[in-house]
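Asks: Quick one: structure below, then a few questions.
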Amino acid sequence: MSFSFDTKNELCKIPVQRLCCARAEAYGILLYCNSFNSAGVRIITENPNFAARLPKLFYRAFNLQFDRQPEPEQPGKQIFQITDPKKLDHIINLLGYDPRQNLVLHINFGLLEEDCCRASFLRGIFFAGGSITDPYKRYHLELNGSHFQVSRELDVLLRECGYPPKSVSRNSSYITYFKQSDQIEDFLTLIGAPVAAMNIMTARMEKDLRNSVNRRLNCDTANLDKAVEAAQEQLESIHKLRSRGTLETLPEKLRQTTQLRETHPELTLSELAEEFQPPITKSCLNHRLRKLVELAAQLEKQEYRKE
């Protein structure tokens with residue numbers, strides 16, 4: 001099952017109770033379903049839970065039954081239709097349109113004054129035209145409809161609800177979408193799918209943790225590489241000083257440093273500093289090793305000039 005399918009199944013568990021909310025949800029479905037015009041309503045779904053919800057929802061919202069609906073437990077695509085002119089006029093009139101005029105779809109904000117009705121309306125839109133990608137792959141929720149004016153007004157509604165979306169047209173479809181995980185979480189919570197929202201949050205936290213671990217490993221690896229290169233440079237400098245007979249002329253502290261570095265080439269500066277008796281600071285050790293590298297470099301320059 002897809003993440004969209006599971007999310008819609010969760011939404012189907014919300015009971016159909018208040019008349020205003022049932023009508024708002026059915027309104028959202030009609031605006032984003034396969035077909036809604038003065039000639040008829042046609043809703044197609046492959047989700048059996050949504051198919052079981054539709055008759056109850058439309059009866060509560062409009063006090064009518066579909067003229068055509070699938071048999072219970074019918075597999076595959078399930079088609080719901082209303083073609084009776086009286087039923088269509090009744091629906092159109094209840095939604096605030098004039099049955100005597102050509103039906104030009106737009107959002108009747110008068111039906112969505114209450115917050116609960118807005119949430120139900122958006123839930124209906126998601127039922128009919130919504131999809132959401134598995135959050136472990138990427139974050140993307142879209143609402144796909146075929147009416148330009150409805151799409152524009154949906155953008156306004158979502159912004160008023162605090163969820164500024166993005167929009168794009170694709171062929172003859174008008175798509176409103178979100179790509180930010182927090183916006184998707186808030187939208188799903190609003191329409192009644194907190195479990196799906198929590199799953200997205202969990203996926204995001206796992207991704208963030210994985211990325212943080214990877215960044216830490218990459219940083220540790222880079223630091224280790226630098227430490228190895230620095231230790232190699234220090235050992236080469238010590239070797240140059242010894243081969244030129246300069247090592248024995250150095251102060252006691254520097255000779256002690258060369259001895260411990262050669263004995264423990266794998267240790268970091270902090271670990272090597274602890275080997276001194278008494279221990280010295282990392283800064284002090286770094287200063288001594290840098291002095292050895294500088295002395296070896298100066299010695300090499302002097303030999304080059306003599307040549």
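The values are calculated or read from the model by the stated rules, or taken from the named source; none is laboratory data. Given the structure is predicted, the values throughout are model-derived calculations rather than measurements. Cβ sites come from the backbone with ideal geometry, for glycine too, and all protein chains shown count toward neighbours. Calculation scope for accessible area: heavy atoms of the full protein, side chains included, ligands and nucleic acids excluded. Shrake-Rupley method; radii C 1.70, N 1.55, O 1.52, S 1.80 Å.
Asks: In Å, what Kirkwood hydrodynamic radius results for segment 1-68 from the alpha-carbon pair distances?
Replies: Over segment 1-68, the inverse of the mean reciprocal pair distance is 12.7 Å.
Asks: Shifting gears a bit: What percent of all Cα-Cα pairs in the chain falls into each 10 Å bin, going from 0 up to the bin containing the maximum distance?
Replies: Percent of Cα pairs in each bin: 5, 21, 21, 10, 5, 6, 9, 10, 8, 4, 1.
Asks: Using Cα positions and a limit of under 22 Å, work out the lysines in reach of K301, with same-chain residues fewer than 8 apart set aside.
Replies: List returned: K240, K291.
Asks: On a straight-distance basis, which aspartates and glutamates could pair with K282 in a cross-link, Cα separation under 16 angstrom, same-chain partners fewer than 8 positions away excluded?
Replies: Straight-distance partners of K282: E266, E271, E274.
Asks: I would also like to ask the following. To the nearest 10 degrees, how steep is helix 194-243 against the longest Cα principal axis of the chain, on a 0 to 90 scale?
Replies: Once rounded, one gets 10 degrees.
Asks: Follow-up question, since we're still on this one. Any idea what the dipole of the chain comes to, in debye rounded to 20, about its Cα centre with Lys/Arg Cβ at +1 and Asp/Glu Cβ at -1?
Replies: With Lys and Arg at +1 and Asp and Glu at -1, about 400 debye.
Asks: Quote to one decimal, in nm, the extra length available between A230 and S212 on full extension: 0.36 nm per residue of separation minus the C-alpha distance between them.
Replies: Full extension of this stretch gives 3.8 nm more.
Asks: Which of S181, L111, S146 sits farthest toward the positive end of the charge dipole of segment 99-183, with +1 on the Cβ of Lys and Arg and -1 on the Cβ of Asp and Glu?
Replies: S146
Asks: For segment 33-114, how big is the tail of P(r) above 14 Å, as a whole percent of Cα pairs?
Replies: Everything past 14 Å amounts to 65 percent.
Asks: Once both axes come from the Cα atoms, what is the angle between helix 85-94 and the longest principal axis of the chain, in degrees from 0 to 90, rounded to 10?
Replies: Value to nearest ten degrees: 60.
Asks: Which pairs break 29 Å Cα to Cα here: K87/K179; K13/K86; K13/K137; K77/K207?
Replies: In this structure, K87/K179; K13/K86; K77/K207 exceed 29 Å between Cα atoms.
Asks: In the chain, carbon and sulfur make up what percent of the accessible area (probe 1.4 Å)?
Replies: Of all accessible area on the chain, carbon and sulfur atoms account for 49 percent.
Asks: Right, something else. Of the listed peptides 204-212, 21-29, what is their order by residue-averaged count of other C-beta atoms within 10 Å, with the highest listed first?
Replies: The densest-packed peptide leads the list: 21-29, 204-212.
Asks: Mind jotting down a quarter of the surface of the convex hull over the alpha carbons of segment 69-206, in square nanometres, one decimal?
Replies: 10.5
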